[in-house]
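Notes to accompany the following structure.
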Amino acid sequence: MTAVASPVRPLADRRALVLGLGRFSGGVETVKFLARAGARVVVSDTSTAEALADSVRAVEGTGATLRFGPQTPSLLDDLRPGDLVVASPAIPFEHPVLVEAARRGLERTSEIELFAARVPCPVIGVTGTKGKSTTSTLLANMLRASGRRTHLGGNVGHSLLNELMGMRADDRVVLELSSFQLHDLRRIGFRPSIALVTNLFPDHLDRHGTFDHYAASKRAILDAQEPGDVAVLPGADPVLAAHGFEAAGRARRVRFCGVGEPGGGPGVRVRDDGGLADVEGLGDRATRGTADGTDLGVFALWGAHNRRNAAAAAAAAIAAGCSWAEVRAGGAATQPLRPR
């Protein structure tokens with residue numbers, strides 16, 4: 001099951017305005033990807049060429065035109081219906097350029113949409129307010145421990161556009177997804193084969209305006225799922241339930257519980273509503289030696305919150321076909337992430 005099943009229009013000979021070059025990989029890889037596909041690319045950023053010197057050097061030779069300074073609707077004057085406006089997640093939803101682009105019938109898209117519409121292999125999407133980077137990294141390492149060729153990207157800070165050409169149907173992709181990215185992905189009916197939600201708290205309300213809008217954007221990870229897909233959710237989370245996550249989509253539910261949470265075991269419990277056996281005892285050195293012996297062994301991530309992240313990753317990994325031994329090996333191989 002790939003992320004999106006709809007046909008994809010070729011990019012060759014289409015004009016593309018990229019809003020936001022930035023200092024991270026998303027803008028740079030978007031420009032490179034569009035240029036390789038034969039699009040005629042213009043990049044606009046409100047910063048200066050000097051401030052973005054590394055990114056500017058990275059796109060040299062692509063043929064892209066770079067424009068620095070205010071982003072006004074005049075940037076659209078060379079575009080026609082059928083051309084693209086590719087917006088960075090940092091661009092506000094109602095930016096004047098995007099509003100005018102919609103009025104003119106231009107196609108709006110984003111780096112994550114370009115990838116999700118073309119990925120040839122199953123995608124596991126991970127979102128939540130807290131813990132999603134650690135959970136995504138744990139999950140990717142668990143899949144790698146099983147021998148699966150696994151790509152990790154998205155909001156974790158790494159664009160996967162430049163890896164598309166080398167991806168195979170039997171690979172796996174783990175995508176960490178922000179509310180901004182998921183807000184965009186609703187446009188293409190994004191449907192991950194496995195969707196994992198860690199938790200939900202009010203966040204980014206300066207952009208979303210309300211908690212309901214933020215929650216609805218996050219919920220898009222579940223909305224298009226079908227009965228053959230899997231949704232990995234906390235065992236008991238009244239905030240998620242209140243914002244429609246329990247009823248969203250039609251995927252089979254798999255549950256995870258952290259230490260001390262309702263339904264938790266001596267470490268944590270992973271429960272599949274579809275009938276798979278419970279798995280208990282996931283923990284670090286503090287819980288090592290539990291009766292069933294199914295701990296992670298030497299687990300480099302400390303604290304109850306990271307044991308909960310590991311439980312979430314384990315639930316998704318088991319749903320993806322990993323064994324408990326592979327879950328433990330992937331968890332033990334994961335080191336604490338550096339702050340971004």
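Tell me whether segment 101-144 comes out rounded, prolate or oblate; compute the Cα gyration tensor, take square roots of the eigenvalues as a ≥ b ≥ c, and use a/c under 1.5 as the rounded threshold. Spell out each step's value before the answer.
Numbers: a/c = 5.12, a/b = 2.02, b/c = 2.53.
It is oblate, given that a/c is not under 1.5 and a/b is not larger than b/c.
How much length is gained if the chain between A12 and E94 is pulled fully straight, taking 0.36 nm per residue apart and subtracting their Cα-Cα distance, in nm to one decimal?
Numbers: separation 82, 0.36 × 82 = 29.52 nm, distance 2.80 nm.
Value of the extension gain: 26.7 nm.
Over segment 38-111, how many percent of alpha carbon pairs lie in each 5 Å bin up to the one with the longest distance?
3, 14, 27, 26, 19, 9, 2
For a label point 7 angstrom out from the Cα of T46 toward its Cβ, which stretches of segment 59-81 have the backbone nitrogen within less than 16 Å?
Flagged as within label range: 67-75.
Ignoring ligands, DNA and RNA, please state the percent of accessible area on segment 12-124 from carbon and sulfur, probe 1.4 Å. Provide the component values of the computation, followed by the final result.
On the way: 2620 of 4920 Å².
C and S fraction of accessible area: 53 percent.
Once you place label points 7 Å from the Cα toward the Cβ at K130 and T72, how far apart are they in nm?
Once both label points are built, they end up 4.5 nm from each other.
Which order, highest average first, do 311-324, 67-80, 120-133 follow once you tally other Cβ atoms within 10 Å for each residue and take the mean per peptide?
Working: 311-324: 24.9, 67-80: 13.9, 120-133: 22.7.
Output ranking for 311-324, 67-80, 120-133: 311-324, 120-133, 67-80.
Along the charge dipole of segment 106-162, which of S110, L138, G125 sits closest to the positive end, that is, farthest toward it, with unit charges on the beta carbon of Lys, Arg, Asp and Glu (+1, +1, -1, -1)?
It is L138.
Does anything in segment 206-231 have its amide N under 16 Å from the 7 Å Cα→Cβ label point of R250, and if so which residues?
222-231, by backbone N distance to the label point.
With r defined as the distance between the Cβ atoms of A241 and R149 and R0 fixed at 35 Å, what FRET efficiency is calculated, to the nearest 0.05? Don't jump to the answer; show the numbers that get you there.
Values: r = 36 Å, r/R0 = 1.03.
Efficiency, from the Cβ-Cβ distance: 0.45.
Ranked highest first by average number of other Cβ atoms within 10 Å, how do 56-65, 150-159 line up? Numbers along the way, then the final one.
Numbers: 56-65: 14.7, 150-159: 20.9.
Put in order of decreasing packing, that is 150-159, 56-65.
Assigning unit charges at the beta carbon (Lys, Arg +1; Asp, Glu -1) and nothing else, what dipole magnitude in debye, to the nearest 20, does segment 106-195 show about its Cα centre?
Using Cβ point charges on Lys, Arg, Asp and Glu, segment 106-195 gives about 240 debye.
The values are calculated or read from the model by the stated rules, or taken from the named source; none is laboratory data. As the structure is a computational prediction, the values presented were derived from the model and not from experiment. Cβ coordinates were reconstructed from backbone atoms using ideal geometry, including for glycine residues, and neighbour counts include every protein chain displayed. Areas reflect the complete protein model, heavy atoms only, side chains present, ligands, DNA and RNA absent. Shrake-Rupley method; radii C 1.70, N 1.55, O 1.52, S 1.80 Å.
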